[in-house]
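The values are calculated or read from the model by the stated rules, or taken from the named source; none is laboratory data. Predicted model, so just to flag it, every value in this text is computed and none were measured. Cβ placement follows ideal geometry from the backbone for every residue including glycine, while neighbour counts extend to all protein chains displayed.
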């Protein structure tokens, strides 16, 4: 029987020696459909590890008719480039975050509204429920087919070089890297920071050279990206939760035979379910790992951050930008935000 879990060691070992030019590929006879899966995340990220693990299972289950190759670590470009490639059909598969879709449709960032979810529970109810259904329909209108079961990318926390972030005052004027995600940028502007949008592949050098003072990401990615080499403090704000969907160019997905679609859906659902458990286990150890690398942790009271964001109009403006329907669905799970 196949193993049901991947340890952090195995995730790391399986990626040994992988560079941006390296590819995970299972050679075989030519498949009827041979696709590429692009991601900015390293192969050690639990989503990419599980998607790589699913590839030979899908190929075997389709009798060799469908295969895909995993291109991690921005090998095919940053998020901005890859989402455009996937929508155009130049890239067939992509690890989609709603925040990255938001420049094309503001409502794409609905799951990335700051301080909407205080922890695990309601976030999954929303993503696996009516809000997730609405979101996938919205993505389809942009030319992307997103599978139903999302992968976990965790709650985002702030790192900084010079000081911990304990209160909103500590963010005032701080040059902080953010992804090219309007909702997140709006949140940090409302908190008084000075956001600098950059794709993930540019962040380490920006931190190293002082172009930005800090950044924010899940703990897993802070570790995998080695930000501990250029950052000192981790402030556990948990300001945004992010889910990732295995997504496809809509036209190409529709051209796949139904049995292949069903096979992909089955194995990706299994992969996402296993990955959610991987993420929780990894979070239990990554804090210790980062501390061993010299990072200092603090856990601020987030209510003052949320109050300031509300006072400065973040929630009202975001609701207007996104529309009443998705906002009502968000508040169905998160509670009243405006």
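Here 301, 316 are screened, and the one residue that is in a loop (DSSP other than H, G, I, E, B) and at pLDDT 95 or above is 301.
Matching residues to (1) in contact (Cβ under 8 Å) with a residue 24 or more places away in the chain; (2) assigned to a loop (DSSP other than H, G, I, E, B):
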residue	(1), (2)
244	yes, no
253	yes, no
260	yes, no
288	no, no
294	yes, yes
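Residue by residue, here is whether (1) surrounded by fewer than 16 Cβ atoms within 10 Å (Cβ to Cβ); (2) modelled with pLDDT under 95; (3) within 16 Å of the chain's Cα centre (by Cα) holds:
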| site | (1), (2), (3) |
| --- | --- |
| 85 | no, no, no |
| 89 | yes, no, no |
| 122 | no, no, no |
| 146 | no, no, yes |
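Here is a check on your reading of the model: is residue 145 touching a helix residue (DSSP H, G or I) at 6+ places or on another chain (Cβ under 8 Å), in the same structural domain as residue 50 (by TED's automatic domain parsing) and assigned to a loop (DSSP other than H, G, I, E, B)? No, not satisfied. With respect to the conditions (1) free of Cβ contacts under 8 Å to residues at least 40 places away in the same chain; (2) closer than 24 Å to residue 201 by Cα, residue 88 lacks only one, and its number is (1). Restricting attention to region 180-216, the residues that are part of a strand (DSSP E or B), within 15 Å of the chain's Cα centre (by Cα) and closer than 28 Å to residue 323 by Cβ add up to 1. Hey, among the residues in region 51-82 that are farther than 23 Å from residue 101 by Cα and in contact (Cβ under 8 Å) with a residue 60 or more places away in the chain, which one's surrounded by the fewest Cβ atoms within 10 Å (Cβ to Cβ)? The residue in question is 57.
Among the residues of region 157-173, those that are buried (at least 16 other Cβ atoms within 10 Å of the Cβ) and more than 23 Å from residue 220 (Cα to Cα) comprise 168, 170.
All conditions in (1) over 18 Å from residue 50 (Cα atoms); (2) touching a helix residue (DSSP H, G or I) at 6+ places or on another chain (Cβ under 7 Å); (3) assigned by TED's automatic domain parsing to the domain that holds residue 61 hold for residue 223, with the sole exception of (3).
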